[in-house]
Amino acid sequence: MLYLDHNATTPLDPAVRAEMDDCLDRTVGNPSSPHGLGQEAKRILDRARARVAALVGARSHEILFTSGGTEADNLAVFGSVAAIPARRHLVSVASEHQAVRNPVTHLAETGHEVSWAKIDRQGRIDPAGLAGLVREDTALVSVMLANNETGVIQPVAELAEPVHAKGALLHSDAVQALGKIPVDVAALGVDLLSLSSHKIHGPQGVGALYVRAGTRIAPLLFGGQQERGLRPGTENVVGIAGFGKACELATTRLAADADRVARRRGEFEAALRQRLPQIVVHGVAAPRLPNTSYIGFPGLNGEALALLLDLLGVAVATGSACSSAAHGPSHVLQAMGLSYQEAASAIRFSFGREHTAEDIALAVERVCQAVADLRRS
Ligand code: PLP
């Protein structure tokens, strides 16, 4: 199987597995226990926290471990709003992942006011336009760093000054950006940043929320004092150790990986354009993640194409792994102004560091074969 769905999840890196195996092989205690075995577990958490912090330029105590990107997003949205009850307004973007869009929509349905910023045909926000939506009673502005479907990168750093000038908090979902492009909390000027382990060759079910020192958020869960009382419950020590190792690997190899994967993506798009000149590469004129290629096949159905590719041994997606076909074609492409039919013709290819030029050539062959089969049927 040729796996071209890295934005859904990535294969576990062998070094990450070794780190987790080592943890599992040892008897580790509860990191909150004062005895030796408990303190050994705490040291594992501390090391992982430092590694995650290093990848995003944060300090260790600013990293809170969660069960993944979804929980980090929910904690950022609900936690910040709950901490500032006097402010009843939020700003977010139509193309956000469901892990932000749905919490924000829930707040809109239960008494908060929400302004949704629009995106252009390339999937980019207009930072000045978005800043104009921020009000004196805005609690939170949430704008993802890179889109999971198009890979389009938003100019989050340009929002920090206008958002802070109104006393609001700036949150960014960096789940897809992490490990693919440099992510630095100081350069971005964010107060809150969501991260997930399984998009960077770490285990599933682990993530983190960066909370800038001094930022007030309220917990969603109530229990013990773990994670500074903001995320109570015994930590997933083995998973967190794996996440930490994945961050350490990403820190050292990000630049080389990004370079290589961008070249592979370039080869893929160029070869596909040559064979199928009618294809549309969404977001191509905007800054994009190096690994993502979201392609429209005019006149064809993306779901049918993805199914055929699966039968031909190539795993791809039609959009976010979290939205099913039952919900219709990509909300991101429709927010970019594409028609229902245009959005329904798209396939997302997301490449990884292990892909070779031969993999790319095979992918192009299989896509052309699937397109020809679908046209004949
Ligand atoms: N945010 C974005 C942009 C994502 O792509 C994803 C996963 O697809 C998530 C959040 C959710 O992360 P997790 O799967 O760790 O809950």
query: What are the radius of gyration and Dmax of segment 30-153, computed over its Cα atoms and given in Å?
result: 17.9, 58
field: Top of Gln274, Gln226, Gln122 by mean-square fluctuation, Gaussian network on the chain, Cα under 10 Å
entry: Gln274
statement: For segment 250-377, the Cα convex hull volume per residue in Å³ comes to 119 Å³
message: Between 0 and 90 degrees, rounded to the nearest ten: what's the tilt of helix 357-376 against the longest Cα principal axis of the chain?
response: 60 degrees
- prompt: Looking only at segment 112-126, which residues have a backbone nitrogen under 18 Å from a spot 7 Å from the Cα of Ala218 in the C-beta direction?
  reply: 112-114
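Applying 1/(1 + (r/R0)^6) with R0 = 25 Å to the Cβ-Cβ distance of His106 and Asp259, what FRET efficiency is obtained, to the nearest 0.05?
Numbers: r = 40 Å, r/R0 = 1.62.
E between His106 and Asp259, to the nearest 0.05, is 0.05.
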- request: Describe numerically, in nm with one decimal, the distance between label points set 7 Å from Cα along Cα→Cβ at His164 and at Ala186.
  value: 1.2 nm
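For the chain, what is the percent of antiparallel DSSP beta bridges, rounded to the nearest 5?
On the way: 20 of 38 bridges.
Antiparallel bridges: around 55 percent, rounded to the nearest 5.
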field: Accessible solvent surface per residue of the chain, calculated while the other protein chains remain in place, 1.4 angstrom probe, Å²
entry: 40 Å²
query: Using the alpha-carbon centroid of each, what span in Å lies between segment 20-42 and segment 149-196?
result: 34 Å
statement: Along segment 12-29, Karplus-curve 3J(HN,Hα) (6.51, -1.76, 1.60; θ = phi - 60°) to the nearest Hz, with x for Gly and Pro, reads 5, 6, x, 5, 5, 4, 4, 4, 6, 4, 4, 5, 5, 5, 8, 7, 10, x
statement: Compactness check, segment 146-217: C-alpha Rg relative to the 2.2 N^0.38 Å globular estimate gives 1.14
- prompt: Where is the GNM fluctuation largest for the chain (alpha-carbon springs, 10 angstrom cutoff): Thr70, Thr252, Thr292?
  reply: Thr252
message: I want to verify a result. In a Gaussian network model of the chain, Cα cutoff 10 Å, which of these has the top mean-square fluctuation: His282, His97, His35?
response: His35
- prompt: What are the semi-axes of the equivalent ellipsoid for segment 14-249, taken as the square roots of 5 times the Cα gyration tensor eigenvalues, largest first, in whole Å?
  reply: 32, 19, 14
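The values are calculated or read from the model by the stated rules, or taken from the named source; none is laboratory data. All values derive from a computational prediction rather than experimental measurement. Heads up, the Cβs are rebuilt from the backbone with ideal geometry, glycines too, and the neighbour counts pull from every protein chain shown. Only protein heavy atoms, including side chains, enter the accessible area calculation; ligands, DNA and RNA are left aside. Shrake-Rupley method; radii C 1.70, N 1.55, O 1.52, S 1.80 Å.
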